[in-house]
Amino acid sequence: MNTLFVRHGTTEWNELGRIQGWAPVGLSESGRAEADRVADALAERHAIDAVVASDLARTVETAEPIAAAAGVELETDPRLRERDFGVFQGLASGDFFERFPAFDLLENGRDAAERAPESGESWLAVRERVLDAAADFRARDETVVAVTHVNPIRLVAGERRDLSVVRSLTELSADNCSVTAVDDRGALVRENDPSYK
């Protein structure tokens with residue numbers, strides 16, 4: 001049994017380099033095509049028992065064809081959401097740390113990970129809820145596809161590799177519609193695999 005973590009398909013805000021957070025941003029045309037391809041590939045390669053998505057628009061839109069291809073009902077779990085970036089949601093990501101250096105993990109380490117933006121949440125809070133969800137999926141006697149976001153996947157993979165929250169978020173990645181897999185013993189067996197899309 002495995003948990004297959006899938007990052008949502010590409011959105012227009014991904015293409016524009018904007019911070020998405022909890023914004024109700026849907027998939028772009030290319031993102032919808034990615035979601036269809038990953039759905040077919042997952043159904044072909046795995047016997048899927050459950051599909052669980054973050055309840056944000058872009059993950060639900062990615063998960064719907066996966067659930068349809070697997071012949072299962074789509075579940076949602078808000079613990080799989082991206083970080084709530086609060087007042088920073090919608091800002092350009094390219095110059096973000098120049099404007100708000102206190103949030104730069106590379107410069108400020110754990111202090112930045114503990115810092116929450118106004119009306120948002122800290123990286124430590126995100127890690128706690130995401131790892132709680134991941135543990136629940138591992139305990140299920142089935143193969144679960146968990147459709148989520150780049151930073152939750154970084155945090156899951158980093159925890160499996162015994163990395164700090166800072167190293168997880170700054171050294172790891174997950175491309176749109178890539179697959180990262182954890183087996184029922186908690187071993188990381190696939191990371192940022194683009195072959196499904």
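A few comments on the model shown:
- Residues of the chain: accessible area per residue with a 1.4 Å probe, Å²: 44
- Assigned charges on the beta-carbon of Lys, Arg, Asp, Glu; the range 1-66 dipole about Cα centre (debye): 200
- Measure of compaction for the range 92-150 (Cα Rg per 2.2 N^0.38 Å): 1.47
- Directionally averaged projected area (convex hull, Cα atoms, the chain), nm²: 9.7
- Using C-alpha pairs below 8 Å separated by at least 6 residues, the relative contact order for the range 1-148 is 35 percent.
- Heavy atoms of D111: accessible area, 1.4 Å probe, square angstrom to 10: 100
- As a length-normalised measure over Cα pairs under 8 Å and 6 or more apart, the relative contact order of the range 70-197 settles at 21 percent.
- Highest mobility in the GNM of the chain, judged by mean-square fluctuation with C-alpha springs under 10 Å and restricted to F97, F88, F137, is found for F97.
- Globularity ratio of the range 1-68, using Cα Rg and 2.2 N^0.38 Å: 1.11
- For the range 74-90, backbone phi angles converted through the Karplus equation (6.51, -1.76, 1.60; θ = phi - 60°) give residue-by-residue couplings of 6, 9, 10, 9, x, 5, 8, 5, 5, 4, 7, 8, x, 5, 8, 4, x Hz, Gly and Pro being listed as x.
- Taking the 1.4 Å solvent-accessible surface of the chain as the whole, the part contributed by carbon and sulfur is 43%.
- Against the compact-protein benchmark of 2.2 N^0.38 Å, the Cα-based radius of gyration of the range 97-197 scales to 1.13.
- The solvent-accessible area of L105, taken with every protein chain present and a 1.4 Å probe, is close to 20 Å².
- Evaluated over the Cα positions of the range 145-197, the convex hull gives a direction-averaged projected area, one quarter of its surface, of 3.5 nm².
- For E171, the accessible area of its heavy atoms, probed at 1.4 Å with every protein chain present, is near 100 square angstrom.
- Rounded to 5, percent antiparallel among DSSP beta bridges of the chain: 45
- Both radii come from the Cα set of the range 47-138: Rg as radius of gyration, Rh as Kirkwood radius; their ratio Rg/Rh reads 1.08.
- Taking the chain as a Gaussian network of alpha-carbon nodes connected by springs under 10 Å, the highest mean-square fluctuation of the residues V51, V72, V147 belongs to V72.
The values are calculated or read from the model by the stated rules, or taken from the named source; none is laboratory data. Note that this is a predicted model, so its numbers are computed, not measured. A quick note on method: Cβ atoms are made from the backbone with ideal geometry, for glycine too, and the neighbour counts reach across all protein chains shown. For the accessible areas, the whole protein counts, side chains as well, though only heavy atoms, and no ligand, DNA or RNA atoms are used. Shrake-Rupley method; radii C 1.70, N 1.55, O 1.52, S 1.80 Å.
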